[in-house]
Each structure stands twice: as C-alpha cells, then as structure tokens.
Amino acid sequence: MKYISTRGGMDPAPFSETLLEGLAPDGGLTIPERLPDVSAEILEGWRGLDYAGLATEVIGLFATDIPRDELARMCRDAYGPENFPTAGVVPLTPIDGGVTLVGLSEGPTLAFKDMAMQFLGQALEYALARSGRVLNVLGATSGDTGSAAEYALRGKEGVAVFMLSPQGRMSAFQRAQMYSLTEDNIHNIAVAGVFDDCQNLVKALSGDLAFKRAHSLGTVNSINLGRIVAQVVYYFWAWLRATDALPVADRGDFEVSVTVPSGNFGNILSGHFAKSMGVPIRRLVLAANENNVLDDFFRTGAYRPRSAADTHATSSPSMDISKASNLERFVYDLVGRDPERLAALWRELDGPGFFDLSAELPRFAEEFGFASGTSTHADRVATIRAVHAATGIVVDPHTADGVKVAREHVEPGVPMLVLETAKPAKFPEIVREAIGEDPGMPEHLAELLGLPQHVTEMADDAAELRDFIAARAVTP
Ligand SMILES: *Cc1c(COP(=O)(O)O)cnc(C)c1O
C-alpha cells in the first residue's frame, strides 16, 4: 500500500514515511492510493480478536511496510492495560433512547486522542529508528491536545517534545497531568502569555526553515495519517461489539449508525474510511457545537471556513474549530478522487474563501451516508442532565453534543452509536451546572495532583525558546 497527495503532486510513498511529514510536498494531504476492502467473511473472522489483535489486522492493511510481528508488538504496547486499564479497551455502554456510547476515553489523558496518539508514538519510534532520523515535536496547547502527545511520546527513542502552554491559564488538573511527567524527553514550557502567544512562538520557530531543519522540528497534529488510520480500528471494533449478540446469520450486513462529535474532521474521517472499507455503517452523523461550519457544509454543500476571530469559545472546547483540516481528504473522495478538481476547490478557499458543492449535495447522504446537526451550550446542559436522570451516567460536554444530535437521527431497528470523546472529569463546570454535582476524578488521576511538577517558565520570547530547544533537542 502506497500513499499519495490529494492534490496529485507527490510520488507514492510507504506508510511509515507519511508519519514523519505534516503536509504532502504539494500542500495537500496524504491519502492511501485506494482503501483496502474487507469482506463480510474477513470481518466475521476478526470477531474473536481482542482490541490489540484487531488493531494489528486493520492497521496492517495500511502499514504494509511494517513487519507484522513488529506491528503486533506496537499494538500490544499501545493498547495494553498500562495505558487502557478498562477491560476490552473500548467498552460499549447502552444509554436511553436506542443510543449506545462507544468509550474512547479510557486512556491516560481521558480523551479519545489517546486512541490514535498511543499508536502513533509506537509507530514514530519505529519509523525514526528505521530511517536514522529524529523528531523534536514543538507544539502549543491550551490543555488537552498537548497531554495526549506527551503521554504517547514520553520515553520514546529519537523523539523529544517541547510543549508550550499559557502560564496560569490551565486547570490544576491539566497542569498536574502534563507537568508531573518525569521523562527526560518531555519539556513543558509555561509561557508568560495566552494560548495565541504560544501558537505564535511555534509558528515563528517552525517558519524559520533553517532552524527547523537544523533541529528536526515537527508536529504530530490531527492531519497525521497515522492517527487517522489508528482511529479506523474502533469503528470495526464498535460494529463487532454491537453485533455480538445477534444470531450469526443476521450479522453479515447488519447496519449501525455512528454519531461523531467533530472539530477537525479527523475522527469522522476515520469512520468514512471504515465505511468505505466495508464496515456496515448506515449513517455517519457529524455533531458540531456552535462553531457549526461543518454542519452547514453537510446541510447545504457550501464550505465556508471562518477565521479564528469568528470562532466562539464554547463549553465543548475541543470542537471549537472553524477550519476543518481533514475535510480535504473527504472532499477528495466526493469529487471522484480527482486531484485537479480538488486543488481547484482549495484555490477557491484561498481566493473567495468558500466553495460550493451544492449541486452534489444528494450524494453526501446517498453515496457516503453523511448527516449532521448542531448542539449548543443549552443542549449540552440539557443532555448531560437527561442522560444522568435516565441512566445515572455522566457524559462529558463533547459526548453530550454527540448524543443530542444522534437523537435527531435515530431510526427504528438501527442501533445508534455515539463516540464518547472525553471523560466528564475534565469538565467539572458544565457538569455542576447540569446535575449540581462534581463529576468525580478517577483515583489514580487524583493522585497526580500531589506529585512534583516539572515545568520551565519562560517569557514570550522567541530567542529564549530557540536557545532552550537548541540545548535540549535530540540529535541523530
Ligand atoms: C479532538 C476532540 C474532538 C474533535 O475531534 P476531531 O477529530 O478534531 O473532529 C472532539 N471531542 C474531544 C474531546 C476532542 O478532544
């Protein structure tokens, strides 16, 4: 299996090479030359596998350049009990109204990013060793994405992480989670400034190509194809577990629908891959919050990204995105995998700032199964309260967006799965607003609050950051 660019300007490359690059060299995104097909028979044959075993099979269809025994070891390590103490790794939990939660936040940072990042940490270490390269990850976080990267890359050979966070603006728990890490290759830097200042520092250093090359700077952001591929696994897993109780003869093409709380379109893109590969998914329902650019796209066919200034800060903050970086990979399929047409659409984004595919809108649902909806703060509060009243279960605000939109798309006889993208413990404020109680913190995480913290405080100063990185970056 080889990988090419959505915009057509890249020589086919093997999987492990795509892990180390951000964008494709022509500014597009890497995609598989074609998606693998999984027959009903093969799918049924995977039913007895545990999560790591299933991950080896599914990822193995994409990562054909990684030896099978090596890949199996990576999946065992990524999805082992040390990272995912919950039996089964991804538990399915029915709630009320024909909806079932798919638990993707059992990992070390209590959010679904762990599912992909833990595999990527393993795969990066392998790809770096094989190519004799190193990677110094430079990132900025307002709390959540940085911690998943740190937990995935801590202690890995050939990698260091330099993670900027705004001084005094993270919750006590977020600080404890990141700053309590003791591995030498993890560098937490608290910048005297806000999140945008941190991001500007990252841009300043990454934009200096000489510095970037000299210190092998890179990112592990949401367009990384390794993350998309690792996320495909749990769509297979969820379908298998949702159909376990059916008589064998009824399983084959039994359809489920899946609702995905979405921001950068990474998670649901993996669902689109899984459906295209043969997982019987009827509807892929995109749930947006008040930043509903993608809901607009799936209802009208017109895509109008908004600027950061027009992006609301909401109570489901990980979905506060108005320019969905992974959408390009879906639109590529929508335009018949035609790189020239795709590139023309993205030129319209650079020019007028939008493109209009409304002429093809019926195909969004008919051919690809997409549907969408929007959820607001009031919806989140009402949904957290209603699910708690009906079942005693507390969902986090992102999952609540999913449940709210899912309920609008439930069809008789079709199980509706909602991907649970985070644990409520991370969002105590809205939980208190909804049910008048604290969500509670798992015991092993509560202990983090008492551990010594390792963080370097720094002025908002690019020169100081350069020196810091130059002195500590891993070298080949
Ligand atoms: C990242 C994130 C999302 C959005 O996922 P995308 O892949 O960006 O669409 C939703 N919920 C939570 C909790 C997240 O961390």
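The values are calculated or read from the model by the stated rules, or taken from the named source; none is laboratory data. Quick caveat: nothing in here was measured; it's all calculated off a predicted structure. All Cβ positions, even for glycine, are placed from backbone atoms using ideal geometry, and neighbour counts span all protein chains on display. Side chains are part of the model used for accessible areas, which takes the heavy atoms of the whole protein and leaves out ligands, DNA and RNA. Shrake-Rupley method; radii C 1.70, N 1.55, O 1.52, S 1.80 Å.
Just a few scattered comments:
- In this structure the amide hydrogen of Ala371, modeled in the peptide plane, comes within under 5 Å of the amide hydrogens of Leu284, Val285, Leu286, none closer than 5 places in sequence on its chain.
- Shape call, the stretch 360-476: gyration tensor on alpha carbons, a/c limit 1.5: oblate
- The largest accessible area among Tyr3, Tyr151 belongs to the first residue in Tyr151, Tyr3, and the rest follow in falling order (1.4 Å probe, all chains).
- Ranked by how many other beta carbons lie within 10 Å on average, peptides 30-39, 283-292, 467-476, 152-161 from highest: 283-292, 152-161, 30-39, 467-476
- Remark: the stretch 157-168, residue by residue, has Karplus-estimated 3J(HN,Hα) of 6, x, 10, 10, 10, 10, 10, 8, 9, x, 4, x Hz, where x stands for each Gly or Pro and the curve is 6.51 cos²θ - 1.76 cosθ + 1.60 at θ = phi - 60°.
- Peptide packing: for 333-342, 306-315, the average count of neighbouring Cβ atoms within 10 Å per residue gives the ranking 333-342, 306-315, highest mean first.
- Measuring only protein heavy atoms, the 1.4 Å probe finds Ile66 accessible over about 10 Å².
- Ordered from highest to lowest accessible area with the whole protein assembly present and a 1.4 Å probe, Phe211, Phe297 read as Phe211, Phe297.
- Under the Karplus curve 6.51 cos²θ - 1.76 cosθ + 1.60, θ = phi - 60°, whole-Hz ³J(HN,Hα) for the stretch 321-326, x wherever Gly or Pro sits: 9, 10, 8, 8, 4, 8
- Calculated P(r) of the stretch 237-377 - Cα pairs past 20 Å, %: 50 percent
- Most positive-pole-ward Cα, Pro362, Thr391, Ala378, against dipole of the stretch 325-440 from beta carbon charges: Thr391
- Karplus-derived 3J(HN,Hα) values for the stretch 199-209, using 6.51 cos²θ - 1.76 cosθ + 1.60 with θ = phi - 60°, are 5, 5, 5, 4, 5, 4, 6, 6, x, 8, 4 Hz; glycine and proline are entered as x.
- Anisotropy class of the stretch 413-476 from Cα gyration tensor, a/c 1.5 cut: prolate
- Magnitude of the charge dipole, the chain, Cβ model with Lys/Arg +1 and Asp/Glu -1, debye to 20: 280 debye
- The chain shape via C-alpha gyration tensor axes, a/c threshold 1.5: rounded
- Quotient of C-alpha Rg and 2.2 N^0.38 Å, computed over the stretch 298-437: 1.24
- Local net charge near Ala214, Cβ-Cβ under 15 Å (Lys/Arg +1, Asp/Glu -1): +3
- Accessible-area order (highest first, 1.4 angstrom probe) of the listed residues Ser270, Ser222: Ser222, Ser270
- Violating pairs (Cα-Cα greater than 30 angstrom) within the set Lys156/Lys323; Lys156/Lys404; Lys156/Lys423; Lys212/Lys423; Lys2/Lys404; Lys212/Lys275: Lys156/Lys323; Lys156/Lys404; Lys212/Lys423; Lys2/Lys404; Lys212/Lys275
- Sequence-separation-based contact order of the chain, relative, with Cα cut under 8 Å and 6+ spacing, percent: 19 percent
- Electrostatic tally near Ser257: other residues with Cβ closer than 9 Å to its Cβ, Lys and Arg +1, Asp and Glu -1, net 0.
- Expressed as a whole percent, the accessible area of the chain that falls on carbon and sulfur atoms is 51 (1.4 Å probe).
- Mean accessible surface per residue for the chain, computed with a 1.4 Å probe while every protein chain stays in place, in Å²: 39 Å²
- Measuring between their Cα centroids, the stretch 9-41 and the stretch 101-177 lie 22 Å from each other.
- With contributions of -39500 (n - 2.57) from each DSSP H run of at least four residues, the per-residue ellipticity at 222 nm computed over the chain stands at -12500 deg cm²/dmol.
- Computed extension length for Glu33-Asn221: 65.5 nm, one decimal, from 0.36 nm per residue of separation with the Cα-Cα distance subtracted.
- The stretch 365-441 and the stretch 303-330 have Cα centres lying 19 Å from one another.
- Heavy atoms of Glu420: accessible area, 1.4 Å probe, square angstrom to 10: 30 Å²
- Rounded accessible area of Val331 (nearest 10 Å², 1.4 Å probe): 0 Å²
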